[in-house]
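Have a look at the structure below before the remarks.
The values are calculated or read from the model by the stated rules, or taken from the named source; none is laboratory data. Worth saying up front: this structure is predicted, and the values here are computed from it rather than measured. Backbone-built Cβ (ideal geometry, glycine too); neighbour counts: all protein chains shown.
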Amino acid sequence: MGEKTILKLQLPTDPLWVKNVVESNIEEILTDHAFCEQKAASNAITLIVQNPNLSDLVQEMAMLVQEEMDHFKRVHDIILARGFVLGRERKDNYVNELMQFIIKGGSRQDQLIDRLLFSAMIEARSCERFKVMSEHIKDEELSKFYYELMVSEATHYTMFIGLARKYAGDIDVEKRWKEFLDYEAMVIQNYGKSESIHG
């Protein structure tokens, strides 16, 4: 999968992140990853709470919550199998910075479309990170695991973009998505150095 063409991310992750950071901090990465899955489920629940009248969105989010929590459990199973314990939740500065780009005020529709594109952006970057990990990590179990999750995150990204287009009305989704991509390219320059999925 060419994430450059499919995901349109402007700044790829340096594979040295896996060699220099991930491989020496597996326990930290797994804990951070587990909480990323939990937060993705929480985000889907928030979208349901805020948009109960959009039945297609509610159905998609309900399935997503189940899938993200299944991923959470699978990561937790790996943590336990390796003799680790799930650590405390970390702040995700990358996600917090992205969240600042969401329209404040505006119509409910503006806010919905931005929330969907924000969600797509996180899935896109997570997918790209999982791809880099699957290709460069020496741990065979984790390489297979992250390849599988990369495929899953790509379908989530596509779903969020599809929902944004469906509910856009007269909002120019492609223009707003390009703005998100430009903003993310600026934000991600400060990351790729710490032992977290988005760090």
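Given 14, 32, which one is at pLDDT below 95 and crowded, with 16+ Cβ neighbours inside 10 Å? Write out each step before concluding.
Values: 14 fails: crowded, with 16+ Cβ neighbours inside 10 Å.
On inspection, the qualifying residue turns out to be 32.
Is it the case that residue 129 is of a type in the set (D, E, K, R) and modelled with pLDDT under 95? Against the criterion (of a type in the set (D, E, K, R) and modelled with pLDDT under 95), residue 129 qualifies. Within the stretch 127-156, the set of residues being in contact (Cβ under 8 Å) with a residue 12 or more places away in the chain, of a type in the set (Gly, Ala, Ser) and under 14 Å from residue 19 (Cα atoms) comprises 134 only.
Every residue, every condition in (1) at pLDDT 95 or above; (2) touching a strand residue (DSSP E or B) at 6+ places or on another chain (Cβ under 8 Å); (3) of a type in the set (Gly, Ala, Ser), yes or no:
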| site | (1), (2), (3) |
| --- | --- |
| 87 | no, no, yes |
| 94 | no, no, no |
| 100 | no, no, no |
| 120 | yes, no, yes |
| 123 | no, no, no |
| 149 | no, no, no |
| 154 | no, no, yes |
| 163 | yes, no, no |
